Amino acid sequence: MIIRDGTPKGYLMHGVIMSGELIGYARVSTLAQGASLEGQRKALGEIGCVKVFEEHVSSVDLPAREKLAEALRYLREGDTLVVTKLDRLARSTSHLHDLLRKLEANGVSLKVLDMGVDTSTLTGKLIFNLVGSIAQFEREIMLERQREGIAKARAAGKYKGRKPTARAKAGQVRQMKMEGTGASRIAQKLGISRASVYRILADVEVDHQEIEGSW
């Protein structure tokens, strides 16, 4: 396979020459974990990664994980994404499942060093298919528990549904305005935005104009 610079590249895996490159990804949550990052960098280098993307960011802050996004864009068909541990890559089983689908769609494998598993093998594919099934199972269990909780709350007369929107507080807004309360104070008192207060008061003015025009 010809990759990026036009030079044939390959690596040995399970006694077979594989096309593509080993691309590493390393992550720590805080700057204080510098030693951990260095350990990941060393392990990825020893396995043969030709490039390593690394960053200091929390696993749950997906928008901030710019290096992970960059690594995913960099990977090409035949490449293998390598991480030292699964929790360095994914924040949950559902997130892992989404990543695996993206990698597979692009013809990219995933290798996790501490597990000794990679998706270029039948065993690796089986394991990660199970992970995907677990993610779906967790989602269904969560939804079922949510439905059961709502049903119990309704039966006990405690279910209130969604919190009232700003429109539901229009009467209070108008009353407070008539009493001379300012928009900022109304918003703070009722827990809505100033913009919502102004919209409600603007509607009141429109209603008054329509009423006056009808006489």
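The values are calculated or read from the model by the stated rules, or taken from the named source; none is laboratory data. Note that the structure is predicted; figures quoted are calculated from it, not measured. Virtual Cβ from ideal backbone geometry, glycine too; neighbours counted across all protein chains shown.
For segment 140-160, the condition of being in contact with a helix residue (DSSP H, G or I) (Cβ under 9 Å, 6 or more places away or on another chain), at pLDDT 80 or above and among the polar types (S, T, N, Q) holds for none of the residues.
Here are VAL108, VAL173: which of them is within 30 Å of ILE200 (Cβ to Cβ) and either under 19 Å from the mean Cα position of the chain (by Cα) or among the aliphatic types (A, V, I, L, M) (or both)?
Values: VAL108 fails: within 30 Å of ILE200 (Cβ to Cβ).
The match here is VAL173.
This table checks each residue for (1) surrounded by 20 or more Cβ atoms within 10 Å (Cβ to Cβ); (2) out of contact with any Pro (no Cβ under 6 Å at 6 or more places or on another chain); (3) part of a helix (DSSP H, G or I).
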{"residue": "ALA26", "(1), (2), (3)": "yes, yes, no"}
{"residue": "ALA35", "(1), (2), (3)": "no, yes, yes"}
{"residue": "GLN40", "(1), (2), (3)": "yes, yes, yes"}
{"residue": "SER58", "(1), (2), (3)": "no, yes, no"}
{"residue": "LYS67", "(1), (2), (3)": "no, yes, yes"}
{"residue": "ALA71", "(1), (2), (3)": "yes, yes, yes"}
{"residue": "VAL82", "(1), (2), (3)": "yes, yes, no"}
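Test of understanding: among VAL52, VAL82, which residue is over 22 Å from VAL131 (Cβ atoms) and touching a helix residue (DSSP H, G or I) at 6+ places or on another chain (Cβ under 7 Å)? Walk me through how you get there before you give the answer.
Working: VAL82 fails: over 22 Å from VAL131 (Cβ atoms).
When all the criteria are applied, what remains is VAL52.
If you filter segment 7-45 down to residues that are β-branched (Val, Ile, Thr) and touching a strand residue (DSSP E or B) at 6+ places or on another chain (Cβ under 9 Å), you find that the one that is modelled with the lowest pLDDT is ILE17. Here VAL50 fulfils each of the conditions (1) closer than 18 Å to THR119 by Cβ; (2) modelled with pLDDT of 85 or more apart from (1).
Filter segment 138-148 for residues that are of a type in the set (A, V, I, L, M, F, W, C) and either touching a strand residue (DSSP E or B) at 6+ places or on another chain (Cβ under 8 Å) or within 9 Å of THR93 (Cβ to Cβ) (or both) and give the result. First the steps, then the outcome.
We begin by selecting, within segment 138-148, every residue of a type in the set (A, V, I, L, M, F, W, C); these are 141-143.
None - no residue of segment 138-148 is of a type in the set (A, V, I, L, M, F, W, C) and either touching a strand residue (DSSP E or B) at 6+ places or on another chain (Cβ under 8 Å) or within 9 Å of THR93 (Cβ to Cβ) (or both), so the list stays empty.
Candidates SER92, SER120, SER196: the one that is surrounded by 14 or more Cβ atoms within 10 Å (Cβ to Cβ) and touching a residue at least 40 places away in the same chain (Cβ under 8 Å) is SER120.
Only one of ARG101, ARG91 is part of a helix (DSSP H, G or I) and at pLDDT below 95. Can you tell me which? First the steps, then the outcome.
Numbers: ARG91 fails: part of a helix (DSSP H, G or I).
Criteria check complete, one pass: ARG101.
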